[in-house]
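Q: Below you will find the structure I want to go over with you.
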Amino acid sequence: MNTENKLISIFGSIEDPRSHINQLHNLVDILLIGIISVICGAETWKQMADFACSKEEFLKKFLKLENGIPSDDTINRVFSAIDSNQFENCFMEWVNSISEITKGQVIAIDGKTLCGAKSKGVKSPVHMVSAWANENNLVLGQVRVNDKSNEITAIPELLDKLMIQGNIITIDAMGTQTDIAEKIIKNDADYILAVKENQKQLLEEIKDEFKFAKEIEIDTNIDIGHGRIETRKCSVISNFLFIENKDEKWNKLSQIVKIESIREFKNSDKPLEK
């Protein structure tokens, strides 16, 4: 199945929220115009319609377009009315179908706040949790959450929708939860999780590991440029003494890594940042 037919097949499963009366344009036509135009750089409903008008002959090769190109108002109304969860699931299914995710690569899970977003005319920050495949330079999927704290519940939902087998999942401190680590392992992937004050006991245990460890692997890199000297030190511990209930809480935890960075001016003995 070629790319165009694959798009039509996947997005054709979305329920049409419109009345059958005065329905001039096919739902899949409108959805694919939106998707293709955004991929090509469109950022507004009008730009989507203008793009479609300029590429009408090309689009007619695989879309019906029985009544021509829909207006920007029509595209807006349709995208505002469809089930957003259905659309997200179809989009992720399509991305997974066309992307060959190289085994062993890094998939970064990260939460972002979209500043300036509004709901019913009132400023209401939108929080998205996204999965980014580093080698493919591709967003594999996104889940919208009501607020920053709900990232913890959104991450497992996103992981369930992705094909992560054989890859390495990185998550910031918000997602450093035993349940999330367990879900990653059950999906035959590995994890790299950041540890900060939100996991106070674990952070203290890690500090003790580095304080009392007899074997620490250390690699140092020095970068000189722009009037600064930056020294980065990576310390790794593979044998643990202080991580409580390691096998029960942090399944398949194999290493603890500490990254330290010191920046100095070339003509100064004082560290700029640590």
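The values are calculated or read from the model by the stated rules, or taken from the named source; none is laboratory data. Note that the structure is a prediction, hence the values are computed from the model and not measured. When we count neighbours, we look across all protein chains shown, and the Cβ atoms used for this are built from the backbone with ideal geometry, even at glycine. Heavy atoms of the whole protein, side chains included, go into the accessibility calculation; ligands, DNA and RNA do not. Shrake-Rupley method; radii C 1.70, N 1.55, O 1.52, S 1.80 Å.
Q: Confirm whether ILE192 is in contact with a strand residue (DSSP E or B) (Cβ under 8 Å, 6 or more places away or on another chain), open to solvent by less than 40 Å² (accessible area, probe 1.4 Å) and closer than 28 Å to GLN105 by Cβ.
A: Taking the combined requirement at face value, the residue does not satisfy it.
Q: Which ones in segment 253-273 are modelled with pLDDT of 65 or more and part of a strand (DSSP E or B)?
A: Within segment 253-273, ILE256, VAL257, LYS258, ILE259, GLU260, SER261, ILE262, ARG263, GLU264, PHE265 qualify.
Q: To continue, here is another question. Hey, can you tell me all the residues within segment 253-271 that are within 30 Å of ALA189 (Cβ to Cβ), open to solvent by less than 70 Å² (accessible area, probe 1.4 Å) and in contact with a strand residue (DSSP E or B) (Cβ under 7 Å, 6 or more places away or on another chain)?
A: Those that are within 30 Å of ALA189 (Cβ to Cβ), open to solvent by less than 70 Å² (accessible area, probe 1.4 Å) and in contact with a strand residue (DSSP E or B) (Cβ under 7 Å, 6 or more places away or on another chain): ILE256, GLU260, SER261.
Q: Give segment 136-167 a look and list any residue that's modelled with pLDDT of 80 or more and basic (Lys, Arg), or say none.
A: Hit for segment 136-167 is LYS161, nothing else.
Q: Going by the structure shown, is GLU43 out of contact with any helix residue (DSSP H, G or I) (no Cβ under 8 Å at 6 or more places or on another chain), outside any helix (DSSP H, G or I) and within 23 Å of VAL143 (Cβ to Cβ)?
A: yes
Yes/no per residue for (1) modelled with pLDDT of 95 or more; (2) open to solvent by 100 Å² or more (accessible area, probe 1.4 Å); (3) on the phi > 0 side of the Ramachandran plot:
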residue	(1), (2), (3)
ILE169	yes, no, no
ASP172	no, no, no
GLY175	no, no, no
ASN187	no, no, no
ASP223	no, no, no
HIS226	no, yes, yes
THR231	no, no, no
GLU244	no, no, no
ASN251	no, no, no
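Q: THR74 fails exactly one of the following numbered conditions: (1) part of a helix (DSSP H, G or I); (2) open to solvent by less than 80 Å² (accessible area, probe 1.4 Å); (3) under 27 Å from LEU158 (Cα atoms). What is the number of that condition?
A: (3) is the only condition that THR74 fails.
Q: Please give the number of the condition ILE69 fails out of (1) of a type outside the set (S, T, N, Q); (2) open to solvent by less than 80 Å² (accessible area, probe 1.4 Å); (3) within 22 Å of GLU88 (Cβ to Cβ).
A: (3)
Q: Across segment 215-245, what is the number of residues that are farther than 15 Å from ILE259 by Cβ and free of Cβ contacts under 8 Å to residues at least 24 places away in the same chain?
A: Residues flagged as farther than 15 Å from ILE259 by Cβ and free of Cβ contacts under 8 Å to residues at least 24 places away in the same chain within segment 215-245 amount to 4.
Q: Looking at segment 1-23, which of its residues are in a loop (DSSP other than H, G, I, E, B) and either at pLDDT below 85 or touching a helix residue (DSSP H, G or I) at 6+ places or on another chain (Cβ under 8 Å) (or both)?
A: Across segment 1-23, the qualifying residues are MET1, ASN2, GLY12, SER13, ILE14, GLU15, ASP16, PRO17, ARG18, HIS20, ILE21, ASN22.
Q: Among the residues of segment 243-252, write down those that are basic (Lys, Arg) and part of a helix (DSSP H, G or I).
A: Scanning segment 243-252 gives LYS246, LYS249.
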